[in-house]
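Worksheet: one structure, shown below.
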Amino acid sequence: MIKAGELPDTIAVFPLPGALLLPRARLPLHIFEPRYLQMLEDALKTPTRLIGMVQPNEVPGRAGTGLHTIGCAGRITQFSETEDGRYLITLGGVSRFRVLKEIEGFTPYRRCDVRWDGFDRDLGPDEKDPAFSRPVFLELLERYFDARELSADWDTLKEADDELLINSLSMMLDFDPEDKQALLEAPSLSTRRETLVTLIEYRLRGGSETEMMQ
């Protein structure tokens, strides 16, 4: 486990729209662009093996792609190379960070100076959600899955720990990038669960979909 004092001041960042990583969760990625293959090679040479996942933030009237202020760093825990030179990797979520500034040049991929303070809880043990009513939540989730014609292993969902359940759904469900960012920035597991419920209910009422889903 990485300790607070081992977190670097500068990390490589991977701006991937809709890809959400949360502390203590795992995110599989498929790496094939040359610049990100270089990023992977360089990250593997560092003691922490960290890559920062961050949502792009388009700014009207400004050239290029900006970045959201808050992202989450993951440690490369698994990687394998395919026959044609691509990599399948898994990031284990370590801690959220705040972007201070982007570093220009030097590498084909993007790098940022970051701060880790304010996210001390991310480095601790699994978080609990004392107010979580699992039967009510699963009933809502079942309606959502039915509406979108999705399948699930409901026995596993019933048995999963609070954090694993809430964070996995936050990462996997097909919300917009801005919604994913709201889930990332939730200050606690309870507020993330509340945000998740709000997003599910919004979609069930029609949300941004062209057809009502109930």
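No lab work stands behind these numbers, since they all come straight from the coordinates. Just so we're clear, the structure is a prediction, and the values are computed from it rather than from any experiment. Note: ideal-geometry Cβ built from the backbone for every residue, glycine included; neighbour counts use all protein chains shown.
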Amide H neighbours of Arg110 at under 5 Å, excluding residues fewer than 5 places away on the same chain, with H built from the backbone geometry, are Val13
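Treating the beta-carbon of each Lys and Arg as +1 and of each Asp and Glu as -1, no other charges, what is the dipole magnitude of region 67-214 about its Cα centre, to the nearest 20 debye?
On the way: 19 positive and 31 negative charges, 109 e Å.
The dipole of region 67-214 has a size of about 520 debye.
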Of region 144-164, those with amide N under 19 Å from the point 7 Å along the Cα→Cβ vector of Thr198 are none
Calculated from DSSP helices alone, with each H run of at least 4 adding -39500 (n - 2.57) and the total divided by the residues of the chain, [θ]222 nm to the nearest 500 comes to -9500 deg cm²/dmol
Of the candidate values [x] 57, 47, 38; [y] 51, 41, 36; [z] 52, 40, 39, the one computed for Cα extents along the principal axes in Å from this structure is [z]
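Give a quick list of trypsin sites (Lys or Arg not before Pro) in region 77-141 that DSSP marks as loop, anything other than H, G, I, E or B, with at most 16 other Cβ atoms within 10 Å. Mind dumping the intermediate values first?
On the way: sites: Arg86, Arg96, Arg98, Lys101, Arg110, Arg111, Arg115, Arg121, Lys128; in loops: Arg86, Lys128.
Qualifying residues, ordered by number: Arg86, Lys128.
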Taking Cα atoms only, helix 189-204 is inclined relative to the longest principal axis of the chain by an angle, in degrees rounded to 10, of 60
